[in-house]
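Below is one structure, written out as structure tokens; the observations come after it.
The values are calculated or read from the model by the stated rules, or taken from the named source; none is laboratory data. Remember, it's a predicted structure, so these values are computed and weren't measured experimentally. As a convention, Cβ positions derive from the backbone with ideal geometry for all residues, glycine included, and neighbour counts pool all protein chains shown.
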Amino acid sequence: MNNYNLFYSPYYYADIGEGHIFPIRKFELVRDVLLNEGTLLPNEIIEPKPAKIEDLLLVHTEDYINRLVSGELTAKEVRKLGLPWSQSLVRRSFHAISGTINATFKALENGISSNLAGGTHHAYPDRGEGFCVLNDVAVAIRVLQKEKLAEKFLIVDCDVHQGNGTAFIFENSPEVFTFSMHGAKNYPLFKEKSTLDIELADGTGDKEFLETLEHALPRIFLHNPDIIFYLGGADPFEKDKLGRLNLSIEGLMKRDEMVLEFAHEHETPIVTTMSGGYASDINDTVEIHCNTIRAVKKVFFGKNYRSSMTSAQTSSSSSKSS
């Protein structure tokens, strides 16, 4: 396997207002860091076209899609979504969904692919929640099923918040194993039932988190999936405003490597998506998301990239000592 493609579009940005807790600029910033440091090559990036309505309707209700597109969501629905409606938000959602769908096809072809967005696991068939307008992984799985390209699916959700929308969508679909490892007392207040939920206490750190994940991976791989979807949320980070866990940047990169190595060893195609991240300093969130792609390059291509943060710190120390 020598090919890798990552999906990104400038349309992943939407105007949600200055000061919103959702760091909408992170998608562009992650791309820029990865390109500038050489982790990504320009020819590895593909810009997706908007998702097709017929694909969205494999998961979402026609009523919701029509009202989303026309701007007729109720005030209550917009509050639950947590993002202000705009045409740019609809455009962003359609492009981000398409990024995951296309990454899925590339992963089946090459063993690995990524979307520099996605992981919108709070979206239900008839509504958006928690900054998630449409459920990208659910749509991608239904597209694969429709085209008979895979039969068994595994979702590894390591965002700090339970993937409630995804769990609900696949509650009666035994061919889809939904695994969510999340904060027990965090959003959403009322959680759905995944195939396997592991709830973590507030303040859980690197050691306990990684040991728990290490024990869980063999269990969830007994499902023998044809493809894996990995939601590498940045929000378990110790300085995340919405996280309540205590993982370091290094611990989160080890998490990424652990999941990717397991997929690689089992020769199972895997798609990575970004999911959430709300650190006080957006550069921390960007670094964590960049580390997921660095881990992809290390595990699948044997290329070891030092994090830009580590490089910057080394450079700063050198200048001070001189």
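Scanning region 25-57 for residues that are buried (at least 18 other Cβ atoms within 10 Å of the Cβ), part of a loop (DSSP other than H, G, I, E, B) and out of contact with any strand residue (DSSP E or B) (no Cβ under 6 Å at 6 or more places or on another chain) gives T39, L40, A51.
Counting only residues that are surrounded by fewer than 19 Cβ atoms within 10 Å (Cβ to Cβ) and either touching a Lys or Arg at 6+ places or on another chain (Cβ under 8 Å) or of a type outside the set (A, V, I, L, M) (or both), region 132-163 holds 6 of them. Restricting the search to strands (runs of 3 or more DSSP E) fully inside region 111-222 and requiring at least 1 residues that are of a type in the set (D, E) gives 153-157, 196-200. Only residues that are part of a loop (DSSP other than H, G, I, E, B), farther than 23 Å from S173 by Cα and among the acidic types (D, E) were counted in region 223-240, giving 2. Residue count for region 186-200 under the criterion of being modelled with pLDDT under 95 and loosely packed, with under 14 Cβ neighbours inside 10 Å: the result is 2. Name the residue that is nearest to the chain's Cα centre (by Cα), counting only residues in region 16-60 that are at pLDDT 95 or above and of a type in the set (D, E). Result: E28. Put simply, of V78, V90 the only residue that is surrounded by fewer than 24 Cβ atoms within 10 Å (Cβ to Cβ), touching a Phe, Trp or Tyr at 6+ places or on another chain (Cβ under 9 Å) and either farther than 28 Å from G19 by Cα or free of Cβ contacts under 8 Å to residues at least 60 places away in the same chain (or both) is V78.
Residues of region 201-254 being closer than 14 Å to G277 by Cβ and buried (at least 23 other Cβ atoms within 10 Å of the Cβ), which ones? Those that are closer than 14 Å to G277 by Cβ and buried (at least 23 other Cβ atoms within 10 Å of the Cβ): L231, G232, G233, A234, D235, P236, F237, D240, G243, L245, L247, L252.
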